[in-house]
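Report on the structure given below.
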Amino acid sequence: MIGVWQKDSKEIGGDSELDRYHFFGDGGFIYYFNGYDGANRTLAIKGTYENKSNGDLIFKVTSFVEVQGGLFSKLSTSGEHNGWAIVDHGEIREVKQQQEVISSYQKCEKGDPKVLCIIIDDDKFYKIDTTPKDIFKK
């Protein structure tokens, strides 16, 4: 399970990614929200995970990362970046939180053996990288 799992697509596009889990070997996880949504103030959720033999996936959320402040601007570029986004003067901060979330977990049905896929709750996630990263770590 260690690696980067992207929601709904095995394709990596452009300069950003879709919603994705980064599962670390030490039991930590980071859920990054869709990088194409420039107006989303919540950037990521951090914590630990445990994969139970009964198909439950236990997430213990310890913090979330958000943009505080900043100005909104209407972007005039074409494609997926067209719309509103937070620009200039936004401060990224990590907010501590304690919460446990129980999700269901299973492997996808057999398909292409080169494509690794899991289902968390009702969402499919495809493995797009073997090396998880914490982009907020200083």
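Some points to look at:
- Within straight-line reach of Lys107, meaning a Cα separation under 20 Å, sit the following lysines at least 8 residues removed in sequence or on another chain: Lys7, Lys10, Lys52, Lys124, Lys127.
- Taking other C-beta atoms within 10 Å as the exposure proxy, Cys117, Cys108 rank Cys108, Cys117 from fewest upward.
- Using C-alpha pairs below 8 Å separated by at least 6 residues, the relative contact order for segment 1-124 is 19 percent.
Only the coordinates and a few stated rules stand behind these numbers; no lab work does. Quantities reported herein were computed from a predicted structural model and do not represent experimental measurements. Glycine gets a Cβ as well: all are built from the backbone with ideal geometry, and neighbour counts include every protein chain shown.
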